[in-house]
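*Asks:* Would you mind keeping the following structure in view while I ask a few things?
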Amino acid sequence: MHDLYRKYVNRSQVSLMTSFGFGRELVERAEGAYIYTRDGRKILDFTGGVGVLSHGHNHPRILAARKRFQDQQRMEVHKTYFSPYIAALGNNLAQLLPGDLSMSFFPNSGAEAVEGAVKLAYKYHGGRRQRILHADISFHGKLLGSGSLTGSPQKNFAFPGIPGVETFTYGDLDSVRRLVAQARTADGGCDVYAILIEPFSASTMRYCSEEFLRGLRELCTAEDIILVFDEIYTGWGKTGSLFYFTRYEGLLPDVLTTSKSFGGGKSSISAYIARESVFRKAYDNLGDALMTSTSTTYYGFGEECATAIEAVNIVVDDDYPARARDLDRVLAPGLERIAKQFPDIISNTVGSGALHGVFLDGGPKLLDLAARLAPGGFRQDPQFRTKLITCAVINALYRDHDIYTYYTLNGSNPLVVGPPLVATTDEVERFLDAFEQTLSQGMSKLLARFVKEKVGSLWA
Ligand SMILES: Cc1ncc(COP(=O)(O)O)c(C=O)c1O
């Protein structure tokens, strides 16, 4: 496998991933919160699949829904026939979401949903407004458009992007107001067509205050700016409410984007859902009847939609927001306790529901020397130290305790503790015990082992 990857996929990926245990093992199968490797290990998956796996691996209801679709030989490729799945999914979302967020479109990836939302906002204003605002810390995808709206890209290359992108400070309403004021046109209008924000930023574990979100809403309403909430990561109960913003009564974006666990861990599907009046003004005419400006070959594909219908049914039937709150009641105080126990290693822990970040710091001074000796790409990385420490902890959790975690590649690289919503509080306790035992080995020992076992072979 490594050879084939080296030859036909990506050589550097092999070098990097084999520096962790999981890059050296093969997965036989996966079920619920567990991954079973070929050599007989049973790994507790606390990554949450980077937001994809709230339902865990291979949820039986998701498998059954897909099997039904296949057994009945459904035909859902042609867009010229109406799809009962698109109709039902659109209906269900409209029933679940607050206000008049009721018009849905279903592409395949989060980045496409973001770009669809941005295009809708641009079209809403008939192409007359040219500016779009996004936050300095933000992750919205990696296509050329969504990548240019991402505030903290993996900054190793500057790709071209869409024009008119301006950056405000996350959570700072005055900085948004300043940009809107600068966008005043000669006739007293506003040149901003959309503001894009993650109410909870999973890549940095920062979240907006209620005051900030309500202030944004007020400003967007006053200036007729389309407000887009990107909840691609945080939707479907993950943070303890259906969406992060739905914890605030009466708060409504003009467009919401979702993906990841929307596909139940099996289907590559995303959505943007617009308020009815916004959608109608942008696209409600015969020229846009087939949505050709945002469609892709696979958008609204039957099996993906059937899967998403079941994924959402499960979220409702099993009350995923309540499950996330249950896990939070054990996870949050547990992480706080461990942070107090190891103040030299943990600088902060932040999170909500089943999505927490642990910011690791410290380590011996020797690390600075290691950073200077590291190969080119690493040497220039200001986060090198944090990444190395965090990798050492992830590696020890995996090797010694059969627990799989990860750190975010964007933002400030917290170690992410994101159990799937099918995990139990006992499994959270197991993680906390393992985490405590790992840190009590001391950072120097963990690092020495990691560098010796792994990075040594990478640098050789
Ligand atoms: C908030 C947010 N927006 C957009 C995206 C992009 O989604 P995708 O990777 O499916 O293109 C992500 C992916 O992590 C995300 O977390």
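The values are calculated or read from the model by the stated rules, or taken from the named source; none is laboratory data. Predicted, not measured: the structure shown is a model, and the values here were computed from it. Cβ placement follows ideal geometry from the backbone for every residue including glycine, while neighbour counts extend to all protein chains displayed. For accessibility, only protein heavy atoms count, side chains too; no ligands or nucleic acids. Shrake-Rupley method; radii C 1.70, N 1.55, O 1.52, S 1.80 Å.
*Asks:* For region 125-156, how many residues meet the condition of being within 13 Å of the ligand (Cβ to nearest atom) and assigned to a loop (DSSP other than H, G, I, E, B)?
*Replies:* Going through region 125-156 one residue at a time, the tally reaches 13.
*Asks:* Among Phe262, Phe159, Phe200, which is within 16 Å of the ligand (Cβ to nearest atom) and open to solvent by 10 Å² or more (accessible area, probe 1.4 Å)?
*Replies:* Working: Phe262 fails: open to solvent by 10 Å² or more (accessible area, probe 1.4 Å); Phe200 fails: open to solvent by 10 Å² or more (accessible area, probe 1.4 Å).
Unique residue meeting the criteria: Phe159.
*Asks:* For region 23-51: of the residues being open to solvent by 50 Å² or more (accessible area, probe 1.4 Å) and within 27 Å of Gly357 (Cβ to Cβ), which is modelled with the lowest pLDDT? Working first, answer last.
*Replies:* Residues of region 23-51 that are open to solvent by 50 Å² or more (accessible area, probe 1.4 Å), as a first pass: 24, 26-29, 31, 36, 38-40, 42, 50.
This time we only want the ones that are within 27 Å of Gly357 (Cβ to Cβ), so: 24, 27, 31, 42, 50.
Numbers: Arg24: 85, Val27: 95, Glu31: 98, Lys42: 98, Val50: 93.
Here the residue is Arg24.
*Asks:* Could you look through region 26-48, keep only residues that are in contact with a Lys or Arg (Cβ under 8 Å, 6 or more places away or on another chain) and either touching a residue at least 12 places away in the same chain (Cβ under 8 Å) or in the same structural domain as Ile309 (by TED's automatic domain parsing) (or both), and pick out the one that is nearest to Ala324 (Cα to Cα)?
*Replies:* Applying the first criterion (in contact with a Lys or Arg (Cβ under 8 Å, 6 or more places away or on another chain)) to region 26-48 yields 26-28, 34-36, 44, 48.
Still in the running and either touching a residue at least 12 places away in the same chain (Cβ under 8 Å) or in the same structural domain as Ile309 (by TED's automatic domain parsing) (or both): 26, 34-35, 44, 48.
Values: Leu26: 30, Tyr34: 18, Ile35: 21, Leu44: 17, Gly48: 12 Å.
Selected residue: Gly48.
*Asks:* Here's another thing I want to ask about it. With respect to Thr296, determine if the residue is part of a loop (DSSP other than H, G, I, E, B), within 16 Å of the ligand (Cβ to nearest atom) and open to solvent by 10 Å² or more (accessible area, probe 1.4 Å).
*Replies:* Numbers: part of a loop (DSSP other than H, G, I, E, B): yes; within 16 Å of the ligand (Cβ to nearest atom): yes; open to solvent by 10 Å² or more (accessible area, probe 1.4 Å): yes.
When the stated conditions are applied, Thr296 passes them.
*Asks:* Can you find, within region 88-112, the residue that is nearest to Gly147 (Cα to Cα) among those that are open to solvent by less than 20 Å² (accessible area, probe 1.4 Å) and within 16 Å of the ligand (Cβ to nearest atom)? Full working, then the answer.
*Replies:* Going through region 88-112, the residues open to solvent by less than 20 Å² (accessible area, probe 1.4 Å) turn out to be 89-90, 93, 97, 101, 105-107, 110-111.
Next, from what is left, pick out any that are within 16 Å of the ligand (Cβ to nearest atom): 105-107, 110-111.
Numbers: Phe105: 21, Phe106: 20, Pro107: 17, Gly110: 11, Ala111: 8 Å.
Here the answer is Ala111.
*Asks:* When region 1-15 is examined, which residues are found to be more than 21 Å from Arg38 (Cβ to Cβ) and part of a helix (DSSP H, G or I)?
*Replies:* Lys7, Tyr8, Arg11, Ser12, Ser15 - these are the residues of region 1-15 that are more than 21 Å from Arg38 (Cβ to Cβ) and part of a helix (DSSP H, G or I).
*Asks:* Among the residues of region 279-291, are any within 14 Å of the ligand (Cβ to nearest atom) and surrounded by 16 or more Cβ atoms within 10 Å (Cβ to Cβ)?
*Replies:* Initially, region 279-291 is screened for residues within 14 Å of the ligand (Cβ to nearest atom), giving none.
No, region 279-291 has no match at all.
*Asks:* Quick test of your reading of the structure: Leu120 fulfils all but one of (1) within 12 Å of the ligand (Cβ to nearest atom); (2) buried (at least 24 other Cβ atoms within 10 Å of the Cβ). Name the failing condition by number.
*Replies:* Unmet for Leu120, out of (1) within 12 Å of the ligand (Cβ to nearest atom); (2) buried (at least 24 other Cβ atoms within 10 Å of the Cβ): (1).
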